[in-house]
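In what follows, a structure is listed as structure tokens, so that the remarks can point back to it.
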Amino acid sequence: MLRFRGGEQRATRVELFFDLVFVFAITQLSALLISDISLEGAARVLFLLLVVWWAWIYTTWMTNWFDPVHLSVRLVLIACMLAAFLMAIAIPDAFGERAGLFAGGYVALQWVRNTFVVLKTDDSEPMRRSWVRMWIGSLWVGLIWIAGAIVPDEGARMAIWIAALVLDYGGPLAGFWAPGLGRTEATEWELEHGHFVERFELFVMIVLGESIVVTGAAASHLGLTPARSAALVVAFLGTTVFFWLYFDEVADRAGERLANAGPERGRLARDAFTYLHIPIVAGMLVTAVGDELVIAHPLDPLHGEQIVALVAGPALYLLGHVAFELRLTGALPRQRFVAALAVLALAPAASVLPALVTWTLVYGILGVVAAMETHARLWGRPEGTGRPGWAVAAGLRHVPALRRLRRGA
């Protein structure tokens, strides 16, 4: 039943089936953000995205350890899928009347999955103590989620849920510490790197698919004027650039780095994938909203929060890549960092220029980066050599607090 017993593993069909629920969840989040493009609305969507992400990421770790081809694992995964589906249904009113459904779906997913992991292993399994700690943490934090759903006041509910989310996200960093059991070092986490990296690639595909859906739906419901047709083409090419920036080189390099990480593989996977993929995913989600705004109003300048949506998504996506590669390689990818600053610098002009022009400039900056990196990979540097970047890790060795952070202490 345990998965990693030699040889590279691949994602199974039931895992792909499980991901379909998260296609729906991402669509729900995108629609919610489009309906309320304000700072408060964005904060709510970010919170909900973090919950959805945590439900998916924990299950991804589980299926990296347990083979879904096994009948019992498959059934548990389908049960988790149902819980995630109920959670996703509640997203539009998660802080209101459907708070119980949202929290209940999330907690049920966590409890069912983690209870199964504990019941199906014994002390002969080296990672069992880690799984028991994880299970105990999910039990008591789950009660906090349920308490937040029961509280009638929405402000109090939000405060309780924020505390619960902080505890959930702090669990891996604290080694899932439990009284009498101590904590788990990240170096103890076994990992099948090929399957793990592939699962994240598939989730990135899910969110990129949302950009295609939003673009196509917006164009289908509106008249295709020349300007709107141009916006549609720009949005499609922009989604292609997002795909290119992630998959042309970064994904392969990440897999190689994780494969060669040795005992640090668990910690590296926790930091670079579990945590630092969040801004990458969030950036793609916000960018999908920007696509819809531009297609709806291609010749109008945007204002206020609309401008933030237009530049924040691509900048966040690039900065997520910067953090991800910095953690993996210790070097800061300078082209992507400079490109993120250039995108942010377009914000003042966005209130004057037509949305289509601003969006073309934004995607143009990303396209230039993608072209430069691809040219360098194919013709500009020796084969097998990584992208050059500003070496930051060497400087961190001289800062004790940051050195401990990199070790996971």
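The values are calculated or read from the model by the stated rules, or taken from the named source; none is laboratory data. Note that this is a predicted model, so its numbers are computed, not measured. Cβ coordinates were reconstructed from backbone atoms using ideal geometry, including for glycine residues, and neighbour counts include every protein chain displayed. We work out accessible area using only protein heavy atoms, side chains counted, and drop any ligands, DNA or RNA first. Shrake-Rupley method; radii C 1.70, N 1.55, O 1.52, S 1.80 Å.
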Inset, instruction - Output the residues belonging to the range 325-334 that are part of a helix (DSSP H, G or I) and buried (at least 23 other Cβ atoms within 10 Å of the Cβ). - result: 325
Inset, instruction - Starting from residues that are hydrophobic (A, V, I, L, M, F, W, C) and open to solvent by less than 40 Å² (accessible area, probe 1.4 Å), keep the ones in the range 366-388 and report whichever is modelled with the lowest pLDDT. - result: 376
Legend entry - Among (1) open to solvent by less than 40 Å² (accessible area, probe 1.4 Å); (2) not in a loop (DSSP other than H, G, I, E, B) - the single one residue 337 does not satisfy: (1)
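If the requirement is being in contact with a helix residue (DSSP H, G or I) (Cβ under 6 Å, 6 or more places away or on another chain) and part of a loop (DSSP other than H, G, I, E, B), which of these qualifies: 310, 299?
Going through 310, 299 in turn, just one is in contact with a helix residue (DSSP H, G or I) (Cβ under 6 Å, 6 or more places away or on another chain) and part of a loop (DSSP other than H, G, I, E, B): 299.
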Legend entry - Residue that is more than 23 Å from residue 214 (Cβ to Cβ) and exposed (fewer than 14 other Cβ atoms within 10 Å of the Cβ), where the choices are 71, 39, 82: 71
Legend entry - Residue satisfying all of: in the range 92-139; assigned to a loop (DSSP other than H, G, I, E, B) and open to solvent by less than 10 Å² (accessible area, probe 1.4 Å); farthest from residue 171 (Cα to Cα) among these: 94
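Let's see how each residue does on (1) outside any helix (DSSP H, G or I); (2) modelled with pLDDT of 95 or more; (3) out of contact with any Phe, Trp or Tyr (no Cβ under 9 Å at 6 or more places or on another chain); (4) open to solvent by less than 20 Å² (accessible area, probe 1.4 Å):
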residue	(1), (2), (3), (4)
233	no, no, yes, no
236	no, no, yes, no
243	no, yes, yes, no
252	no, no, yes, no
256	no, no, yes, no
264	no, no, yes, no
268	no, no, yes, yes
Legend entry - Subset tally (residues that are over 17 Å from residue 303 (Cβ atoms) and either among the β-branched types (Val, Ile, Thr) or buried (at least 16 other Cβ atoms within 10 Å of the Cβ) (or both)) for the range 345-360: 1
Legend entry - Lone unmet requirement of (1) surrounded by 20 or more Cβ atoms within 10 Å (Cβ to Cβ); (2) among the hydrophobic types (A, V, I, L, M, F, W, C); (3) in contact with a Pro (Cβ under 6 Å, 6 or more places away or on another chain) for residue 299: (1)
Legend entry - Sole residue being touching a helix residue (DSSP H, G or I) at 6+ places or on another chain (Cβ under 6 Å), of a type in the set (D, E, K, R) and more than 29 Å from residue 47 (Cα to Cα), chosen from 253, 257: 257
Inset, instruction - Scan 113, 98 and give me the residue that is in contact with a helix residue (DSSP H, G or I) (Cβ under 7 Å, 6 or more places away or on another chain), of a type in the set (Lys, Arg) and on the phi < 0 side of the Ramachandran plot. - result: 113
Legend entry - Residue pairs meeting the criteria (Cβ under 9 Å; at least 6 apart or on separate chains; first outside any helix (DSSP H, G or I) and of a type in the set (Gly, Ala, Ser), in the range 38-56; second open to solvent by 10 Å² or more (accessible area, probe 1.4 Å) and modelled with pLDDT under 95): 38/304; 38/305
Legend entry - Selection status of residue 279, under 17 Å from residue 47 (Cα atoms), of a type outside the set (S, T, N, Q) and surrounded by fewer than 22 Cβ atoms within 10 Å (Cβ to Cβ): yes
Inset, instruction - Hey, can you tell me all the residues within the range 207-226 that are over 18 Å from residue 285 (Cβ atoms) and surrounded by fewer than 17 Cβ atoms within 10 Å (Cβ to Cβ)? - result: 220, 221, 222, 223, 224, 225, 226
Legend entry - Near pairs, Cβ below 6 angstrom, 6+ apart or cross-chain, from the range 154-177 (at positive phi) to any residue that is of a type outside the set (Phe, Trp, Tyr) and surrounded by fewer than 18 Cβ atoms within 10 Å (Cβ to Cβ): 175/183
Inset, instruction - Could you list all residues from the range 174-200 that are more than 15 Å from residue 63 (Cα to Cα) and either small (Gly, Ala, Ser) or modelled with pLDDT of 90 or more (or both)? - result: 174, 175, 178, 180, 182, 186
Inset, instruction - Report whether or not residue 318 is assigned to a helix (DSSP H, G or I), modelled with pLDDT of 95 or more and crowded, with 16+ Cβ neighbours inside 10 Å. - result: yes
